[in-house]
Amino acid sequence: MGKNKEKGKVIVVTSGKGGVGKTTTVANISSALARMGHKIVVMDLDIGLKKLDLILGLENRIIYDIVQVIEGECTLKQAMVKDKRFPHLYMLPAAQTRNKDDIKPEQVKVICEQLRPEFDYIIIDCPAGIEQGFRNAIAAADSAIVVTNPEVSAVRDADRIIGMLESAEFKDIKLVVNRLQASMVKSGDMLSIDDLLEHLCIDLLGIVPEDRKVLISTNKGEPIVLNGNSAAGTAFNNIARRMNGEELDFPTFEDDSFWSKLRNLGRNLFPNK
Amino acid sequence: MLDFLKRIFNDNSSRKQANDRLRVVLTHDRTGASTQLMETLKEEILQVISRHVEIEGKPDVRIIREGRRSALDINIPLKGR
């Protein structure tokens, strides 16, 4: 670890609500960044309810977990699982038979400090909720990615999480909208990207469309970014490229049909209707 | 015909309802202000104001959002002489 080497960035992926696609997002942006040649470690902090190993297809390779590292039963290196598909991707597994209170924010900080010189990105999979698990996950992070769905309860929880991140002095908080269905937005039955940005007021990092291929790749334990012709895979790849500093346009789901233009005209003419 | 135009221009979509509900709920979540609290606030503010000047018309006390910040918006019409 030379003095000139830039230290790795610690990024927490969080959402408040469960089931919006945090772990899928972590698995895919990590795989995509690793494929680009970055050295990545993913840290599963969902102690007691681990999923990342399954999503990544690494469940059979685990020997030790993060709680054992903290309790001194093994070294950090021994616990890290190497992904055979991506030579630069490592996973630090969660413990399944323990719970969130078994680790403390300070201990996560110590582990991250040990990892920073060795990796470009340390990506933390945060558990759902706003309790101890959340506090552990944000303790060492430099920036945050908030994942949400275009659905009222997910947006409400995302707003709460953003508020808590701001209270914890986070300056870099970005939004990933998962499971968007453009056709439903067009027909007026789903919140649009603009709606979500209006409510949450943070920068957009990515839009992932609803895609049946995600479940299929989860079944197999293969990240969807490996599937070049899937819409969700492309979206996750684009997120990784944006994290890497590339400026990519967001797909527009603008409704340009005759009827919507007429409706917009009507709204402008009679604003209070 | 009028009915037809109304149907096109009147946005009653579930998306609009979701947005309207979120606006209310997020404002309350962020400030911790319940509907009950807003009523109490309005009542007491009006009491203080009316002790000094005469109020006319419909006063309005509500929370408005600017980005992620919230502000108390008080609009109290006063009686002219």
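The values are calculated or read from the model by the stated rules, or taken from the named source; none is laboratory data. Nothing here was measured: the structure is a model prediction, and the numbers come from that model. Methodologically, a virtual Cβ is constructed for each residue, glycine included, from the backbone with ideal geometry; neighbour enumeration extends over all protein chains shown. With ligands, DNA and RNA removed, areas are computed over all heavy atoms of the protein, side chains included. Shrake-Rupley method; radii C 1.70, N 1.55, O 1.52, S 1.80 Å.
Has segment A:148-158 got any residue that is in a strand (DSSP E or B), crowded, with 17+ Cβ neighbours inside 10 Å and within 14 Å of chain B (Cβ to nearest Cβ)?
yes
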Do you know which of the residues in segment B:43-78 that are assigned to a loop (DSSP other than H, G, I, E, B) and acidic (Asp, Glu) is farthest from B:Val24 (Cα to Cα)?
B:Glu54
Only one of (1) surrounded by fewer than 13 Cβ atoms within 10 Å (Cβ to Cβ); (2) at pLDDT below 90; (3) within 14 Å of chain A (Cβ to nearest Cβ) does not apply to B:Phe9, and that is (1)
If the requirement is being within 14 Å of chain B (Cβ to nearest Cβ) and either over 20 Å from the mean Cα position of the chain (by Cα) or outside any strand (DSSP E or B) (or both), which of these qualifies: A:Ile55, A:Ile162?
A:Ile162
For segment B:24-36, enumerate the residues that are surrounded by 13 or more Cβ atoms within 10 Å (Cβ to Cβ) and part of a helix (DSSP H, G or I).
B:Val25, B:Leu26, B:Thr27, B:His28, B:Asp29, B:Arg30, B:Thr31
How about segment A:80-97: which of its residues are among the aliphatic types (A, V, I, L, M) and touching an Asp or Glu at 6+ places or on another chain (Cβ under 8 Å)?
A:Val81, A:Leu89, A:Met91, A:Leu92, A:Ala94, A:Ala95
Sort out which residues of segment A:202-229 are surrounded by 17 or more Cβ atoms within 10 Å (Cβ to Cβ) and either within 12 Å of chain B (Cβ to nearest Cβ) or part of a strand (DSSP E or B) (or both), and write them in order of number.
A:Ile202, A:Leu205, A:Gly206, A:Ile207, A:Val208, A:Pro209
Could you identify the single residue in A:Ile11, A:Ile40, A:Ile63 that is among the hydrophobic types (A, V, I, L, M, F, W, C), surrounded by fewer than 23 Cβ atoms within 10 Å (Cβ to Cβ) and more than 22 Å from A:Ala158 (Cα to Cα)?
A:Ile63
Taking B:Ile64 and the conditions (1) hydrophobic (A, V, I, L, M, F, W, C); (2) farther than 22 Å from A:Val155 by Cα; (3) surrounded by 10 or more Cβ atoms within 10 Å (Cβ to Cβ), which numbered condition does it fall short on, given that it satisfies the others?
(2)
Pairs with Cβ under 8 Å, 6+ apart, first in segment B:37-52 and farther than 12 Å from B:Ile76 by Cα, second surrounded by 10 or more Cβ atoms within 10 Å (Cβ to Cβ)
B:Met38/B:Val61; B:Met38/B:Arg62; B:Met38/B:Ile63; B:Leu41/B:Ala33; B:Leu41/B:Val61; B:Leu41/B:Leu72
Residue list for segment A:78-101, restricted to those being over 20 Å from A:Ala27 (Cα atoms) and open to solvent by 50 Å² or more (accessible area, probe 1.4 Å)
A:Gln78, A:Thr97, A:Arg98, A:Asn99, A:Asp101
Can you tell me which residue within segment A:14-32, out of those that are assigned to a loop (DSSP other than H, G, I, E, B) and small (Gly, Ala, Ser), is most open to solvent (accessible area, probe 1.4 Å)?
A:Gly19
Checking the condition modelled with pLDDT of 85 or more and closer than 30 Å to A:Met184 by Cα, which residue from B:Gln17, B:Gln47 passes?
B:Gln17
Matching residues in segment A:155-196 (over 30 Å from A:Asn136 (Cα atoms) and of a type in the set (Lys, Arg)) number 1
Can you give me the number of residues within segment A:158-210 that are among the basic types (Lys, Arg) and touching a residue at least 40 places away in the same chain (Cβ under 8 Å)?
3
Filter pass, A:Asn244 being more than 14 Å from chain B (Cβ to nearest Cβ), open to solvent by 50 Å² or more (accessible area, probe 1.4 Å) and polar (S, T, N, Q):
yes
Selection status of A:Arg35, in contact (Cβ under 8 Å) with a residue 40 or more places away in the chain and open to solvent by 80 Å² or more (accessible area, probe 1.4 Å)
yes
